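Below: one structure in structure tokens.
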Amino acid sequence: MAKRDYYEVLGVDKSADEADLKKAYRRLAMKYHPDRNSDDAEAEKKFKEAKEAYDVLNDAEKRGAYDQFGHAAFEGGMGGGAGGFGGGAGGFGDIFGDMFGDIFGGGAGGGGRQRQRRGSDLRYTLELSLEDAVRGTEVNITVPRMSQCGGCNGSGAKQGSTPSTCGTCHGQGQVRMQQGFFSVQQTCPQCQGRGNIITDPCAECHGQGMVKEQKKLSVKIPAGVDEGDQIRLSGEGESGGVGGVNGDLYVSVTLKRHAIFEREGVDLHCCVPVSYATLSLGGELEVPTLDGRAKLKVPAGTQSGKQFRLRGKGVQNVRNAGFVGDLYCRVNVETPVNLTKRQKELLQEFDETLHQGGSKHSPQESSWSDKIKSFFDDIVT
């Protein structure tokens, strides 16, 4: 059966550049790779076909010969045919490793350099009062973590001795494993990526190079932090060992429930119980703020649930110190309880006088009564 045109196999034009060829081949390789299509002979065939096409078109010399003579340029086969283009289809690991080295830890011929180790990041939950979160503060915390052993300076070896180079990875910390067509780079199982073997371990860390410690830190809390905000302390996470870098510590803020205020972003909210007489006659209330007491004027005839805003009495924006939120005070009428006989009589007399005035004194009640009457009239008709 005649071979298909290599450009057709990859689905590219004859003007395709190296990037276009690699993109097309990558797509086909991922689709038809045998590891993804076990027991599928057709997929394996298409995979080999795509690989062969890429091998030729990605080589400038071979591509030139193919463009001029077609498949006749390789009548001797891709493994060493006429025209001097021997060894055309190299091992798949070379190409696949070059293309996907970032996934499998480097190209097939990359030599496997040991990566710089980084310690783990840590998280600490810090509970703050609303006042401390609003004003900012400085707190001392103790964080359990793994740090570099002082007895061996993190080497893991007893003082006076030195680690020996790992014979499995030859000090690289990684080994290359061949799995079918894949060439995969993995952490060395013998030395766990260290590149060396501890034959005489340190007594303090037992060859680990790190020990547990309780690290005491002082954390500055900026004014305006809110629930869920995080403060990053660079390098205060766990140790990365010799030649490595420490991880970071993330302090996550949570707020205690406040007895008076509820926070919503940069605004504060509070509920103020007020007597029936004050809402009816009007008056002046003393309300709390985080800066102290403030006066709130209540107009006569204020309805229960009315909300008043005190500008600039909220919370400073943690990212914009010049912007401060507001305090919203909601007034709610407090229904009297445990009334005396005389108080009940006075309320009854007062209520009767209100009803005599009709909608003049109770417009909402009168409107509500009219709506109910209209509703039932409509049902009857």
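The values are calculated or read from the model by the stated rules, or taken from the named source; none is laboratory data. Note that the structure is predicted; figures quoted are calculated from it, not measured. Every residue, glycine as well, gets a Cβ built from its backbone with ideal geometry; the counts of neighbours run over all protein chains shown. When the accessible area is computed, the model is the full protein with side chains, heavy atoms only, and any ligands, DNA or RNA have been set aside. Shrake-Rupley method; radii C 1.70, N 1.55, O 1.52, S 1.80 Å.
Highest mean first, how do 339-345, 270-276, 20-26, 51-57 rank when packing is the count of other Cβ atoms within 10 Å averaged over residues?
51-57, 20-26, 270-276, 339-345
Shifting gears a bit: Indicate the gyration tensor shape class of segment 180-222 (rounded, prolate or oblate), computed on the Cα atoms with a ≥ b ≥ c the square roots of the eigenvalues: a/c under 1.5 is rounded; otherwise a/b larger than b/c is prolate and the rest oblate.
Taking the square roots of the gyration eigenvalues as a ≥ b ≥ c, segment 180-222 is oblate.
Would you kindly find the accessible area of residue 30, with a 1.4 Å probe and non-protein molecules such as ligands, DNA and RNA excluded, rounding to the nearest 10 Å²?
Spelled out: residue 30, probe radius 1.4 Å, area about 60 Å².
If you don't mind, another one. Which pairs in the list 31/51; 23/51; 3/51; 14/46 are over 18 Å apart, alpha-carbon to alpha-carbon?
14/46
Taking the mean number of other Cβ atoms within 10 Å as a proxy for protection, how do you rank 133-142, 245-254, 347-356 from highest to lowest?
Answer by packing, highest mean first, reads 245-254, 133-142, 347-356.
Using a 1.4 angstrom probe on heavy atoms only, work out the carbon and sulfur share of the accessible area of segment 173-313 in %.
C and S atoms contribute 47 percent here.
Now for a different question. Dividing the alpha-carbon radius of gyration of segment 248-332 by 2.2 N^0.38 Å (N being the number of residues), what value is obtained?
Values: Rg = 15.6 Å, N = 85, 2.2 N^0.38 = 11.9 Å.
For segment 248-332, the normalised Cα radius of gyration is 1.31.
Moving on to the next point. Can you work out the accessible area per residue across segment 126-176, with the rest of the protein chains kept in place, probe 1.4 Å, in square angstrom?
Accessible area per residue, segment 126-176: 50 Å².
To continue, here is another question. Return one whole number: the accessible area per residue of segment 234-332 in Å², for a 1.4 Å probe.
Value for segment 234-332: 55 Å² per residue.
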